[in-house]
Amino acid sequence: MRRKSPLAFFLSPKAAPLVLLLPALLAIAAVVLFPLIFSFYSSFTSYRLTQPESLWNVVGLRNYERLFGDPVFWAAFGRTVLFLVVVINLEFLLGLGIALLVNRITWGQRVLRTVMMFPMMFSPILVGFQFKYIFNDNIGVLNNALQGLGLTREAIPWLVDGWLAMGSIAFAEIWMSTSVFAILLLAGLFAMPKEPLEAARVDGCNNWQVFRHITLPFIMPFAYIAMTIRSLDVARAYDIVEVMTAGGPAGRTELLWTLIARTGYDNGRMGLASAMSYVSIILSIVFTYYFFTKLVAARRYMGGAA
């Protein structure tokens, strides 16, 4: 019996989809899969940028054990979780308010929907520089405005005081990304059927009861989709923090990814930085799973498929 050539499959019509996808698969492997494998391996080594031969020095779980006893890392971890929770909830509330207001407008709604998208079109680095100038304690627009109006006598150290600096960074992040919630929630309002609203009005429900028991449950799946997207973004926040404060003052605005960058590139300890990165990935997975379960529960509540 004649044996088929190993290349026969690739020359057959069945192989056409695989051949067409092969360049994309190779590109994904080169820019995603290989770096993931390399970083995972390096997290078990004492790899330093200044000592390339240390890449082959396997130390097992020492980097992870060091993290569990590192107060600087856990301070950055807790700060990141707090920052994520505060920013996402405020973005949801503001986005919900904007979506409800835009939904009531009957003239110029398309223009407003376009304007809503402007903040998310800016680069995070550009937004960071913009708000660094606004919150600057010497030449900042905000301090000059407050002093010009007579509301304050002295410059407020927005980017010097630890809590004020975190609030300033959160404000910049919220300004840039609230539109994600607004757009998705507005899409939910557009998709909502009118019959339940009309039936509730006939039954004598007031505006709050209609919103609480009909409108809000219907748009919550859209909100959880936005929360999932934003939790991934905020958990790896780097650009705005690095530009506005560089993790200062005295590390009080240090988040996970600014600490990872400083450990890996400034201090050259890439093995330890890789271990930090995988702990951060676990954090992102936990929040993504949480919001996914809430999304499934919201869909079931509304009678949708799980």
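The values are calculated or read from the model by the stated rules, or taken from the named source; none is laboratory data. The structure displayed is predicted, hence computed values, not measured ones. All Cβ positions, even for glycine, are placed from backbone atoms using ideal geometry, and neighbour counts span all protein chains on display. Remember, those area values only see protein heavy atoms, side chains included, never the ligands or the DNA or RNA. Shrake-Rupley method; radii C 1.70, N 1.55, O 1.52, S 1.80 Å.
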When residues of region 133-148 are limited to those that are in a helix (DSSP H, G or I) and of a type in the set (A, V, I, L, M), the one most open to solvent (accessible area, probe 1.4 Å): 141
Residue in region 40-94 that is nearest to residue 228 (Cα to Cα), counting only those that are of a type in the set (Val, Ile, Thr) and in a helix (DSSP H, G or I): 88
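Being of a type in the set (Lys, Arg) and open to solvent by 10 Å² or more (accessible area, probe 1.4 Å) is the filter; apply it to region 224-271 and report the residue that is nearest to the chain's Cα centre (by Cα).
236
Give the residue, chosen from 274, 284, that is over 29 Å from residue 130 (Cα atoms) and either surrounded by 15 or more Cβ atoms within 10 Å (Cβ to Cβ) or within 20 Å of the chain's Cα centre (by Cα) (or both). Full working, then the answer.
On the way: 284 fails: over 29 Å from residue 130 (Cα atoms).
Of 274, 284, the one residue that is over 29 Å from residue 130 (Cα atoms) and either surrounded by 15 or more Cβ atoms within 10 Å (Cβ to Cβ) or within 20 Å of the chain's Cα centre (by Cα) (or both) is 274.
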Entirely in region 197-306, the helices (runs of 4 or more DSSP H) that have 3 or more residues that are within 30 Å of residue 161 (Cβ to Cβ) and among the polar types (S, T, N, Q): 270-301
Region 77-90 residues that are among the charged types (D, E, K, R), paired with ones that are open to solvent by 60 Å² or more (accessible area, probe 1.4 Å) (beta carbon under 9 Å, 6 or more apart): 79/252
Residue check, residue 7 more than 29 Å from residue 253 (Cα to Cα), open to solvent by 80 Å² or more (accessible area, probe 1.4 Å) and modelled with pLDDT under 90: yes
Hits in region 67-77 - residues which are farther than 18 Å from residue 237 by Cβ and surrounded by 14 or more Cβ atoms within 10 Å (Cβ to Cβ): 67, 70
Enumeration of residues in region 161-183 that are among the aliphatic types (A, V, I, L, M), touching a Phe, Trp or Tyr at 6+ places or on another chain (Cβ under 9 Å) and touching a residue at least 60 places away in the same chain (Cβ under 8 Å): 165, 166, 169, 170, 172, 176
Tally, over region 96-124, of residues that are open to solvent by 60 Å² or more (accessible area, probe 1.4 Å), more than 15 Å from the chain's Cα centre (by Cα) and within 22 Å of residue 224 (Cβ to Cβ): 4
Hey, residue 303 over 15 Å from the mean Cα position of the chain (by Cα), at pLDDT 85 or above and at positive phi or not: no
Selection from region 149-173 of residues that are assigned to a helix (DSSP H, G or I) and open to solvent by 70 Å² or more (accessible area, probe 1.4 Å): 163, 171
Test: residue in region 22-36 that is open to solvent by less than 90 Å² (accessible area, probe 1.4 Å), under 28 Å from residue 268 (Cα atoms) and not in a helix (DSSP H, G or I): no
Neighbours by Cβ (under 9 Å, 6+ apart or cross-chain): first from region 139-160, more than 21 Å from residue 243 (Cβ to Cβ); second of a type in the set (Gly, Ala, Ser) and surrounded by fewer than 15 Cβ atoms within 10 Å (Cβ to Cβ): 151/145
Only listed residue being under 23 Å from residue 220 (Cβ atoms) and open to solvent by 90 Å² or more (accessible area, probe 1.4 Å), chosen from 61, 93, 82: 93
